[in-house]
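The values are calculated or read from the model by the stated rules, or taken from the named source; none is laboratory data. What you see is a predicted model; the values in this text were computed from it and never measured. As a convention, Cβ positions derive from the backbone with ideal geometry for all residues, glycine included, and neighbour counts pool all protein chains shown.
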Amino acid sequence: MDTAWLDFERPLVELERKIEDLRAFADQEKLEFSDELKKLEGKAERLRGEIYSSLTPWQRVQLARHPRRPYLFDYIPLLFGEFTELHGDRTFGDDAAIVSGLARFEERPVVVIGHQKGRNTKENIHRNFGMPHPEGYRKALRLMRMAEKFGAPIITFIDTPGAFPGLAAEERGQSEAIARNLFVMPRLRVPIITIIVGEGGSGGALAIAVGDRVLMLENSVYSVISPEGCAAILWADRAKAPESASALRISAQDLYGLGVIDRVVPEPLGGAHRDPTAMAEILRAEIRENLGVLSRIPTQELLQERLQKYLKMGKFTETK
């Protein structure tokens, strides 16, 4: 069983361990405990439903950051064929925090771009904890222009705490790289599907998230700032992150209601990390459906719809 678990999952984890121990004991001693196991499994199923049907925004933040949550390199072999990763921005270097390449989705050529975190300290250092430098965004833009040249749809996967805020990144034009992507993406003449699979942190996420369809896994988050950062600014106390998570309205359910995203994608009960294969199959159906719809829209109409999608976001009041 997965040894990584969150505090609010403790009662469920303890019950699941009890079930595993009883099953192992029964197998070892060749005893019959089927009735007891069925009762415990039923109890676990009810408890699982109770816990995950009433998650707070902060608990969803924790699930979005779960160490076992599927990353882009987990989804690629489950969703795409013939993936070939391409490296470098042809200006400075390669950024491992953003992965991009050519692939096939159900035999159709596509370009895949997304953030990539690491599973351990060594990988996280290599991937810069999923926080891209400007060359990462420039690499992504290079692949987007290639997709446009060859008429291939673009599929982006969002999972980053935010763009890297270091001095070197700023010196190499972090803000310009993000702004350039935001300027170019609305004008790309191919369908763009964006999927927020974990954390969607500020401009670091938005720089590859201007899509015709923005899908968001139900336990992912999307915000202008992290709950901890917001709490530090507003209350000078990062411990108030749960309160700021609620105030920021960063959950998929809130953002769908605000019109920021187009669809909340359901996850397997307990989160995507409990069954990555099932999660990938759910995403496969979503990509297939949206790609089919978008591919039938004439290019000029597609561009106009994309522009209007973002122009109509937000509300304001004019005063005299």
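Applying the criterion of at least 1 residues that are touching a strand residue (DSSP E or B) at 6+ places or on another chain (Cβ under 7 Å), assigned by TED's automatic domain parsing to the domain that holds GLU148 and closer than 17 Å to LEU217 by Cα to the helices (runs of 4 or more DSSP H) found wholly in segment 228-320 leaves 252-258, 276-295.
In segment 90-107, the residues that are free of Cβ contacts under 8 Å to residues at least 40 places away in the same chain form Cβ pairs under 6 Å with partners that are hydrophobic (A, V, I, L, M, F, W, C) and surrounded by 15 or more Cβ atoms within 10 Å (Cβ to Cβ), at six or more places apart or across chains, as follows: VAL99/LEU72; ALA103/PHE80; ALA103/PHE83; ALA103/VAL110; ALA103/VAL112.
Checking the structure you have, find out if any residue of segment 258-270 is crowded, with 22+ Cβ neighbours inside 10 Å, at pLDDT below 90 and either among the hydroxyl-bearing types (Ser, Thr, Tyr) or closer than 16 Å to ILE196 by Cα (or both). No, every residue in segment 258-270 fails to be crowded, with 22+ Cβ neighbours inside 10 Å, at pLDDT below 90 and either among the hydroxyl-bearing types (Ser, Thr, Tyr) or closer than 16 Å to ILE196 by Cα (or both). For segment 77-107, the candidate set comprises residues that are in a strand (DSSP E or B) and at pLDDT below 95; within that set, the residue that is farthest from the chain's Cα centre (by Cα) is GLU82.
Determine, yes or no, whether GLY162 is touching a residue at least 24 places away in the same chain (Cβ under 8 Å) and touching a strand residue (DSSP E or B) at 6+ places or on another chain (Cβ under 6 Å). So GLY162 passes the test.
Counting only residues that are over 20 Å from GLY88 (Cβ atoms) and touching a Phe, Trp or Tyr at 6+ places or on another chain (Cβ under 9 Å), how many does segment 120-134 have? So the count comes out to 1. Scanning segment 204-240 for residues that are out of contact with any Leu (no Cβ under 8 Å at 6 or more places or on another chain), surrounded by fewer than 21 Cβ atoms within 10 Å (Cβ to Cβ) and within 24 Å of TYR310 (Cβ to Cβ) returns a single hit, GLU218.
Of all residues in segment 185-212, those being in a helix (DSSP H, G or I) and out of contact with any helix residue (DSSP H, G or I) (no Cβ under 6 Å at 6 or more places or on another chain) number 6. I'd like the full set of residues that are under 30 Å from ALA245 (Cα atoms) and touching a Pro at 6+ places or on another chain (Cβ under 9 Å), limited to segment 52-95. Answer for segment 52-95, where residues must be under 30 Å from ALA245 (Cα atoms) and touching a Pro at 6+ places or on another chain (Cβ under 9 Å): THR56, PRO57, TRP58, GLN59, VAL61, ARG65, ARG68, ARG69, PRO70, ASP74, TYR75, ASP95. Residue by residue through segment 20-76, note down the ones that are outside any helix (DSSP H, G or I) and modelled with pLDDT of 75 or more. Correct list: SER53, SER54, LEU55, THR56, ARG65, HIS66, PRO67, ARG68, ARG69, PRO70, TYR71.
Annotation for segment 173-187: at least one member residue is without any contact (Cβ under 8 Å) to a residue 60 or more places away in the chain, surrounded by fewer than 24 Cβ atoms within 10 Å (Cβ to Cβ), touching a Pro at 6+ places or on another chain (Cβ under 6 Å) and in the same structural domain as TYR137 (by TED's automatic domain parsing). Among residues of segment 115-149 being outside any helix (DSSP H, G or I) and touching a helix residue (DSSP H, G or I) at 6+ places or on another chain (Cβ under 8 Å), the one that is farthest from ALA205 (Cα to Cα) is GLY118. Among the residues here, GLU318 qualifies as surrounded by fewer than 12 Cβ atoms within 10 Å (Cβ to Cβ) and out of contact with any helix residue (DSSP H, G or I) (no Cβ under 6 Å at 6 or more places or on another chain).
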